[in-house]
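The structure under discussion appears below in the form of structure tokens.
The values are calculated or read from the model by the stated rules, or taken from the named source; none is laboratory data. Keep in mind the model is a prediction, meaning the values are calculated, not measured. Glycine also receives a Cβ, built like all others from the backbone with ideal geometry; neighbour counts cover every protein chain displayed.
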Amino acid sequence: MESTDITGKCIIFSAPSGAGKTTLVHKLLESSDQYAFSISACSREPRENERDGSDYYFIGLENFKQKISENAFVEWEEVYKNNYYGTLKSELIRIWSMGKTVVFDVDVVGGLNLKKVFKKNALAIFINPPSMEILEDRLRGRKTESEEKILMRISKAHIEMNRAAEFDVIIENNILEQAVEQIKAVAFEFVNK
């Protein structure tokens with residue numbers, strides 16, 4: 001996306017899987033109608049509780065690769081082998097045309113890529129888990145993935161946490177209510193400056 005195409009602001013939430021960023025994103029979205037969620041596209045199949053067009057655009061592997069070749073993404077990444085995630089340009093245009101601030105819920109690499117694209121029009125927030133033990137407990141508590149996938153996510157989390165300092169704000173998600181209040185305050189300040 002060219003800088004001349006950027007017509008609005010965005011707030012980027014990133015964290016290791018299991019840090020609670022999706023819960024915090026939902027709390028921010030519920031707090032004001034000035035925010036709108038950017039629905040990411042992905043190549044994987046939906047999980048049991050996920051809906052197409054609400055949680056993700058589940059477009060399949062071949063369609064995802066086609067959209068890459070068409071330059072339809074602001075950013076995209078192969079998170080795991082043949083498991084792609086990305087932000088469609090059309091999604092941002094949809095939200096900005098409503099006069100709202102785009103809210104992203106993306107992994108750490110995706111968040112840093114978006115921060116590079118949007119520069120001063122972006123607020124990049126890193127959600128830190130209270131500890132690796134709690135992160136692991138949360139991942140296991142989901143009961144949605146194999147042991148192999150959980151170990152892969154824990155390994156990736158160590159790498160991601162080392163990149164926290166590259167974000168504008170770091171918020172620890174230890175006590176949910178406190179983390180929500182911190183996020184609402186920094187988001188409000190950013191959007192209204």
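Tabulated data for the structure shown
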item: Pick from segment 23-37, criterion assigned to a helix (DSSP H, G or I) and of a type in the set (S, T, N, Q), ranking: farthest from Pro129 (Cα to Cα); result: Ser31
item: Qualifying residues in segment 30-61 (those that are among the hydroxyl-bearing types (Ser, Thr, Tyr) and out of contact with any strand residue (DSSP E or B) (no Cβ under 6 Å at 6 or more places or on another chain)) - the one modelled with the lowest pLDDT; result: Ser54
item: Lone unmet requirement of (1) basic (Lys, Arg); (2) in contact with a Ser or Thr (Cβ under 8 Å, 6 or more places away or on another chain); (3) at pLDDT below 90; (4) over 17 Å from Pro16 (Cβ atoms) for Lys119; result: (3)
item: Any hit, segment 62-75, residues being modelled with pLDDT under 90 and buried (at least 16 other Cβ atoms within 10 Å of the Cβ); result: yes
item: Conditions (1) under 16 Å from Cys10 (Cβ atoms); (2) surrounded by 14 or more Cβ atoms within 10 Å (Cβ to Cβ): number failed by Ile59; result: (1)
item: Every residue from segment 79-96 that is surrounded by 13 or more Cβ atoms within 10 Å (Cβ to Cβ) and not hydroxyl-bearing (Ser, Thr, Tyr); result: Val79, Asn83, Gly86, Leu88, Lys89, Glu91, Leu92, Ile93, Arg94, Ile95, Trp96
item: Entirely in segment 92-185, the helices (runs of 4 or more DSSP H) that have 2 or more residues that are over 15 Å from the mean Cα position of the chain (by Cα) and in contact (Cβ under 8 Å) with a residue 24 or more places away in the chain; result: 132-142, 147-161
item: Every residue from segment 43-65 that is in a helix (DSSP H, G or I) and under 15 Å from Thr144 (Cβ atoms); result: none
item: Test: residue in segment 6-26 that is touching a strand residue (DSSP E or B) at 6+ places or on another chain (Cβ under 6 Å), surrounded by 15 or more Cβ atoms within 10 Å (Cβ to Cβ) and farther than 30 Å from Glu181 by Cβ; result: no
